[in-house]
1. Quick one: ALA180 ticks every box in (1) closer than 18 Å to ILE23 by Cβ; (2) open to solvent by 50 Å² or more (accessible area, probe 1.4 Å); (3) touching a helix residue (DSSP H, G or I) at 6+ places or on another chain (Cβ under 9 Å) bar one, so which box is it?
2. I'd like to check something: does the stretch 26-40 contain any residue that is within 25 Å of HIS170 (Cα to Cα), open to solvent by 60 Å² or more (accessible area, probe 1.4 Å) and in contact (Cβ under 8 Å) with a residue 40 or more places away in the chain?
3. For VAL202, only one of the following conditions fails: (1) more than 30 Å from ARG97 (Cβ to Cβ); (2) more than 17 Å from the chain's Cα centre (by Cα). What is its number?
4. In the stretch 197-220, which residue that is free of Cβ contacts under 8 Å to residues at least 12 places away in the same chain and within 17 Å of LEU81 (Cα to Cα) is least open to solvent (accessible area, probe 1.4 Å)?
5. When ILE47 is evaluated against the numbered criteria (1) in a helix (DSSP H, G or I); (2) open to solvent by 40 Å² or more (accessible area, probe 1.4 Å), which criterion, by number, is the only one it fails?
6. Being open to solvent by less than 70 Å² (accessible area, probe 1.4 Å) and hydrophobic (A, V, I, L, M, F, W, C): is that true of VAL58 here?
7. Search the stretch 61-92 for residues being of a type in the set (Val, Ile, Thr) and in contact with a strand residue (DSSP E or B) (Cβ under 8 Å, 6 or more places away or on another chain), and hand back the single one that is most open to solvent (accessible area, probe 1.4 Å).
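The values are calculated or read from the model by the stated rules, or taken from the named source; none is laboratory data. Every value quoted in this text rests on a predicted model; they were computed, and no experiment measured them. Here the Cβ positions follow ideal geometry from the backbone for every residue, glycine too, while neighbour counts run over all protein chains shown. Quick note on the areas: whole protein, heavy atoms, side chains included, nothing else; ligands and nucleic acids left out. Shrake-Rupley method; radii C 1.70, N 1.55, O 1.52, S 1.80 Å.
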Amino acid sequence: MTEETAETAAIAARQVTDAWRRIEAWLGEHAPVSHAALGPGAGAEEIAAVEAALGFAVPVELRTLWGLVSGGNVNGGGFWLGNRSLLRLDDVVAVYRRMMVLQTQAERRYPTPGVPGEDDIVVWQRPWIPVFSCGEHDTVLGTYLDSGSGLMWHWSKYAYVLPDGTEPQHSVVTCLEEIADSLETPALATEGTAGLLDGRLVWLDESLTEDERRRWHPAT
């Protein structure tokens, strides 16, 4: 690792850590149920095992996040943007392997095997790392990190939609900073309204039932 690369990695790690500590502090003060569910973070050996299973190095931003927190899901749901759940490391590997199998099956139908054409289905690509899922026990939909570009996007088991510029593609850093800013200063929120429901952080969306909407109140 060059001096410049090492410095860049150190900056990214610090940004992730700073943003997470802001989120963690807010949860501790305002959302005790979410805060109590937080795991202690993964050790270096656990993260190395994931890298070995994937076959490539995990970007420093994600390694740092995994080292800070694991778990945090309540009632099967998470408190990340879109009420998504942070995947446990064993689920990261399981989802990655499953999606790579689906990609291999799709490629068998390509006119040029291994080279997707305009009408061919892209299910998964090797550098993608699953990070969030739509629920703790539901990995049909989720958010992956492209380890090549450092940007995240959404996956679906059934269809893949390429980014079209209508939604922002977050890095791990900007995702965490968006959450932290939205919690500390709700007026800065650009991607959802954070609130509280039964002591946990919940983002207002269409998945909430009518009863949950009555009991939910925005973060202040």
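1. (2)
2. Looking for residues that are within 25 Å of HIS170 (Cα to Cα), open to solvent by 60 Å² or more (accessible area, probe 1.4 Å) and in contact (Cβ under 8 Å) with a residue 40 or more places away in the chain, one finds none in the stretch 26-40, hence no.
3. Among (1) more than 30 Å from ARG97 (Cβ to Cβ); (2) more than 17 Å from the chain's Cα centre (by Cα), VAL202 violates only (2).
4. Here the answer is LEU208.
5. Among (1) in a helix (DSSP H, G or I); (2) open to solvent by 40 Å² or more (accessible area, probe 1.4 Å), the lone unmet condition for ILE47 is (2).
6. Yes, satisfied.
7. The qualifying residue most open to solvent (accessible area, probe 1.4 Å) is VAL74.
Every residue, every condition in (1) at pLDDT 90 or above; (2) of a type in the set (Gly, Ala, Ser); (3) surrounded by fewer than 17 Cβ atoms within 10 Å (Cβ to Cβ); (4) assigned to a helix (DSSP H, G or I), yes or no:
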site: ALA94; (1), (2), (3), (4): yes, yes, yes, yes
site: ARG97; (1), (2), (3), (4): yes, no, yes, yes
site: VAL101; (1), (2), (3), (4): yes, no, yes, yes
site: THR104; (1), (2), (3), (4): no, no, yes, yes
site: PRO113; (1), (2), (3), (4): no, no, yes, no
site: GLY117; (1), (2), (3), (4): no, yes, yes, no
site: ILE121; (1), (2), (3), (4): no, no, yes, no
site: PRO130; (1), (2), (3), (4): yes, no, no, no
site: SER133; (1), (2), (3), (4): yes, yes, no, no
